[in-house]
1. Just wondering, is there one or more residues in region 129-136 that are within 19 Å of residue 43 (Cα to Cα) and under 24 Å from the mean Cα position of the chain (by Cα)?
2. If we scan region 123-146, do we find a residue that is of a type outside the set (Phe, Trp, Tyr), out of contact with any His (no Cβ under 7 Å at 6 or more places or on another chain) and under 30 Å from residue 199 (Cβ atoms)?
3. Out of all the residues in region 186-208, is one or more over 30 Å from residue 70 (Cβ atoms), surrounded by 13 or more Cβ atoms within 10 Å (Cβ to Cβ) and in contact with a Ser or Thr (Cβ under 6 Å, 6 or more places away or on another chain)?
4. How many residues does region 86-112 hold that are assigned to a helix (DSSP H, G or I) and either open to solvent by 60 Å² or more (accessible area, probe 1.4 Å) or over 22 Å from residue 49 (Cβ atoms) (or both)?
5. What about residue 145, is it surrounded by fewer than 11 Cβ atoms within 10 Å (Cβ to Cβ), at pLDDT below 90 and assigned to a helix (DSSP H, G or I)?
6. Take the residues in region 26-62 that are at pLDDT 70 or above and in contact with an Asp or Glu (Cβ under 9 Å, 6 or more places away or on another chain), then tell me which one is nearest to residue 198 (Cα to Cα).
7. Considering only region 63-83, I want to know if a residue exists there that is within 17 Å of residue 112 (Cα to Cα) and either open to solvent by 40 Å² or more (accessible area, probe 1.4 Å) or modelled with pLDDT of 90 or more (or both).
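The values are calculated or read from the model by the stated rules, or taken from the named source; none is laboratory data. Here the structure is a predicted model, which means the values were calculated and not measured. Backbone-built Cβ (ideal geometry, glycine too); neighbour counts: all protein chains shown. We work out accessible area using only protein heavy atoms, side chains counted, and drop any ligands, DNA or RNA first. Shrake-Rupley method; radii C 1.70, N 1.55, O 1.52, S 1.80 Å.
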Amino acid sequence: MSLFVEFEEEPQKSSPQSSSSTPPPIPNRVAPSQVLNGEELDKFEKHFEKLFDQANLPGPDYYEFMKMTETLEAHIKDENARFAATYASLAIQGLTKDKLVETANAYKKMVGQDKVQFEKTVNDKSEREIGQKRKDLQKLEETVKQHAETIQRLTKEISEAQVSMGSLKAVITEEEHKLARNKQGYVLACDAMIQKITEDITKIQTTL
């Protein structure tokens, strides 16, 4: 989780298959690429790839199915045909439709658990690091107020505290911005991944 919240730089499962061969409409959603730059998007994609790699079971399952359909996208434009071709290829290795749906649900659950852990990490880091800086800022403000009464004697100390206040405010603003952007990016990427798996389950159940 620290991959997404670093400050050190100082910075739906579907209903039973319908008799119709037409897949249900895909809900509108915000694509991660609309709010993330290439480097950020690549970071989150690598995170999910590592997460799936670590949990990947022997033999073909939804993870291999997902990767193969992505690989074939450049060669087979029609999604239904791409799903069918991928399934046919992996079925030779022992993949069944039941296992495909079962493992897709397992990966979906895994992403949801990862999201919970990520949000906990963000909240803990925010409380620990930004919260302490807010306390430091408050103490400096109190110091300035007290020493203002004896401004002639403490002019130098007040000036130094004000400089520190400005620096701390800039750090807090920057870190809050980073944290908010990372959290927004992760949530969007995570929701998109969950949505993709949900849609794939629906397509698997309606097209295969």
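1. no
2. Looking for residues that are of a type outside the set (Phe, Trp, Tyr), out of contact with any His (no Cβ under 7 Å at 6 or more places or on another chain) and under 30 Å from residue 199 (Cβ atoms), one finds at least one in region 123-146, hence yes.
3. Looking for residues that are over 30 Å from residue 70 (Cβ atoms), surrounded by 13 or more Cβ atoms within 10 Å (Cβ to Cβ) and in contact with a Ser or Thr (Cβ under 6 Å, 6 or more places away or on another chain), one finds none in region 186-208, hence no.
4. Final tally of qualifying residues: 7.
5. So residue 145 passes the test.
6. Ranking the candidates gives 62 first.
7. No, because not a single residue in region 63-83 is within 17 Å of residue 112 (Cα to Cα) and either open to solvent by 40 Å² or more (accessible area, probe 1.4 Å) or modelled with pLDDT of 90 or more (or both).
For (1) under 30 Å from residue 183 (Cβ atoms); (2) over 22 Å from the mean Cα position of the chain (by Cα); (3) among the small types (Gly, Ala, Ser), each residue gets a yes or a no:
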{"residue": "89", "(1), (2), (3)": "no, yes, yes"}
{"residue": "92", "(1), (2), (3)": "no, yes, no"}
{"residue": "100", "(1), (2), (3)": "no, yes, no"}
{"residue": "104", "(1), (2), (3)": "yes, no, yes"}
